[in-house]
Amino acid sequence: QVQLVESGGGLVQPGGSLRLSCTTSGSIFRIAAMGWYRRAPGKQRELVSRFTSGSTPIYGGSVQGRFTISRDNAKNTVYLQMSSLKPEDTAVYYCYALINYNDYWGQGTQVTVSS
């Protein structure tokens, strides 16, 4: 049973930084994609950033230049470094992965940006 577990969320002031981590467990043969989505209150889930088949990640337009995704392939772990956080970044952040040709989601971690 493959599982994704996020960590690193919390409360931060505007302009601050946070780093999210997503670790995997279970029987993993192939990870075709891995990344982050978020859902803000009253809004649909949106892409934050993800790696796909290439080495260059893609970013959602609202976080471009402020967030950086990285990964540790040896640990099957993905990170999201968030800087210059804004109140509109407040959301539940979900880790996503396409593993062994199946979609998996983490349970989500809350990020709140407020003074």
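The values are calculated or read from the model by the stated rules, or taken from the named source; none is laboratory data. All figures in this text were calculated on a predicted structure; none of them were measured in a lab. In this analysis, Cβ positions are derived from the backbone assuming ideal geometry, glycine residues included, and neighbour counts consider all displayed protein chains. Heavy atoms of the whole protein, side chains included, go into the accessibility calculation; ligands, DNA and RNA do not. Shrake-Rupley method; radii C 1.70, N 1.55, O 1.52, S 1.80 Å.
Here is a list of conditions, (1) modelled with pLDDT of 95 or more; (2) open to solvent by less than 50 Å² (accessible area, probe 1.4 Å), and Gly54 meets all of them except one; can you say which number that is?
(1)
Is there a residue in the range 52-70 that is touching a residue at least 40 places away in the same chain (Cβ under 8 Å) and not basic (Lys, Arg)?
If we filter the range 52-70 for residues that are touching a residue at least 40 places away in the same chain (Cβ under 8 Å), which is where we start, we get none.
No; the residues of the range 52-70 include none that is touching a residue at least 40 places away in the same chain (Cβ under 8 Å) and not basic (Lys, Arg).
Output the residue which, of all residues in the range 62-100 that are among the aliphatic types (A, V, I, L, M) and assigned to a loop (DSSP other than H, G, I, E, B), is surrounded by the fewest Cβ atoms within 10 Å (Cβ to Cβ). Steps first, please.
Of all residues in the range 62-100, those among the aliphatic types (A, V, I, L, M) come to 63, 69, 74, 78, 80, 82, 85, 91-92, 97-99.
Going one step further and asking which of them are assigned to a loop (DSSP other than H, G, I, E, B), we end up with 63, 74, 85.
On the way: Val63: 23, Ala74: 6, Leu85: 22.
Within the range 62-100, the match that is surrounded by the fewest Cβ atoms within 10 Å (Cβ to Cβ) is Ala74.
Okay, residues lined up against (1) exposed (fewer than 11 other Cβ atoms within 10 Å of the Cβ); (2) assigned to a strand (DSSP E or B):
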| position | (1), (2) |
| --- | --- |
| Leu4 | no, yes |
| Pro14 | no, no |
| Leu20 | no, yes |
| Thr23 | no, yes |
| Ile28 | no, no |
| Trp36 | no, yes |
| Gly42 | yes, no |
| Leu47 | no, yes |
